[in-house]
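Below is one structure, written out as structure tokens; comments come after it.
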Amino acid sequence: MPDNPEKEIAQRRSQILKALSAAAGDRPMALVAVSKRQSPERIDAALSAGHRLFGENRVQEAIEHWSDRRGQYRGVELHLIGPLQTNKAEEAVALFDMIETLDRPKLARALRKAMDKLGREVPCLIQVNTGEEEQKAGVSPDGLDDLLVLARSECGIRVDGLMCIPPVGEPAGPHFALLKKLASERGLPVVSMGMSGDYELAARLGATHVRVGSALFGTRQA
Ligand SMILES: *Cc1c(COP(=O)(O)O)cnc(C)c1O
């Protein structure tokens, strides 16, 4: 990133927003700016450009990035897009406005408990492991309905939609199409898919939210 992150990030942001509205037609598209492992200067640059919706994949880092900035900038909205351990549920509920990575009954129960304790309801997305990868977070498509019922009926969690991260090295299109289909069949309005390399494709295939990091902020710190 050159010496003027402010201008650079504002330019990239408007290019991405333009590409998204071209790809999505008339549908509204939300750009979740993924600020994980980005410098304070770059995060502030995005805020100066008027951006307010951000994604983080670790609770601790999100607290570092956002606990002060939330007070400084009006209207900041934060999504958790990384795996959540049950022992961090309370911190996550306290900080985030949406949790995109609900993927197991134990986590749904921990979130319910945390929401009761804090008196704060946080809407969730269910993460679907569309590639059915061994090591990957997310519920398998076959397990989606059971988890959806458990989260809603047993835990009273507001589930707004679905999220996926396609397998690395595979064309993303079929995974995006599958996630969109799973959401539509269940009347779930929110579909979070697409990252820096494929957000336009995701938008064309029905995403309502894309999660873009490096294409907006530049290369992440190690
Ligand atoms: C890091 C991350 C992104 C953004 O990745 P880029 O390729 O930098 O856009 C999106 N989604 C999730 C879940 C991530 O962890």
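The numbers here are math on the coordinates, done by the rules we state, and not lab data. Only a predicted model underlies this, so the values are computations on that prediction, with no experimental measurement involved. Here Cβ is always computed from backbone atoms with ideal geometry, including for glycine, and neighbour counts include all displayed protein chains.
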If you scan segment 174-204, which residues turn out to be over 18 Å from GLY143 (Cβ atoms), more than 16 Å from the ligand (Cβ to nearest atom) and of a type outside the set (S, T, N, Q)? PRO174, ALA177, LYS180, GLY187, PRO189, ARG204
ILE165 fails exactly one of (1) free of Cβ contacts under 8 Å to residues at least 60 places away in the same chain; (2) part of a helix (DSSP H, G or I); (3) within 14 Å of the ligand (Cβ to nearest atom), namely (2)
Any idea how many residues of segment 205-220 are of a type outside the set (D, E, K, R) and in contact with a Leu (Cβ under 9 Å, 6 or more places away or on another chain)? 7
